[in-house]
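What follows is a single structure, written as structure tokens, with notes after it.
Values in this text are rule-based calculations from the coordinates and carry no lab data. Nothing here was measured: the structure is a model prediction, and the numbers come from that model. So basically every Cβ, Gly included, is an ideal-geometry build from the backbone, and we count neighbours across all protein chains shown.
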Amino acid sequence: MCAGGIVQAMFPGDISAVNTSLSQDTSVAQGVFIEMFMTAELVFVVLMLAAEKSKSTFLAPIGIGLALFVAMMGGVYFTGGSLNPARSFGPAVASASFVGYHWIYWVGPLLGALLASAYYRFVKHFNYEQANPGQDSSGGHFSA
């Protein structure tokens, strides 16, 4: 909200131009599911790259940035690519204009985070680490 207010004060023009909104061809139900799946993709990548510790954890920011890029490229046309309620709420407060379907930018990411965490628990339950045993070992020998 503060950032939206600062942008409104610093730059000429109407800040409502940066409000997230659905495209004309996207229904509210489609918007919820698009936001949900984009957020689920991003959250799952964060969980697998940053929360799971491995030799390649230092590369997590690259993977997370690429995941965000892919999600935004896939969804910005349809929903404005919020993926985070703060992204939609700040400009809406600063411009004092909330669209009637603003709630999808809260419900979609919430459902996406729940979906990603459920899938993360699923793969952890079935020991995904065993799919590539020894991946973090420092030795160059393969053992059978």
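Of note:
- C-alpha long axis of helix 60-79 to longest principal axis of the chain, angle in °: 40 degrees
- Derived from the Cα gyration tensor, the three semi-axes of the equivalent ellipsoid of region 1-108 are 28, 18, 11 Å, largest first.
- Förster radius 22 Å - calculated FRET efficiency between Phe58 and Gln130 (Cβ-Cβ, nearest 0.05): 0.40
- Length gained when the stretch Asn84-Trp106 is fully extended (0.36 nm per residue, less Cα-Cα span): 7.2 nm
- Gain in span if fully extended, Ala118 to Ser16, counting 0.36 nm per residue against the direct Cα distance: 33.2 nm
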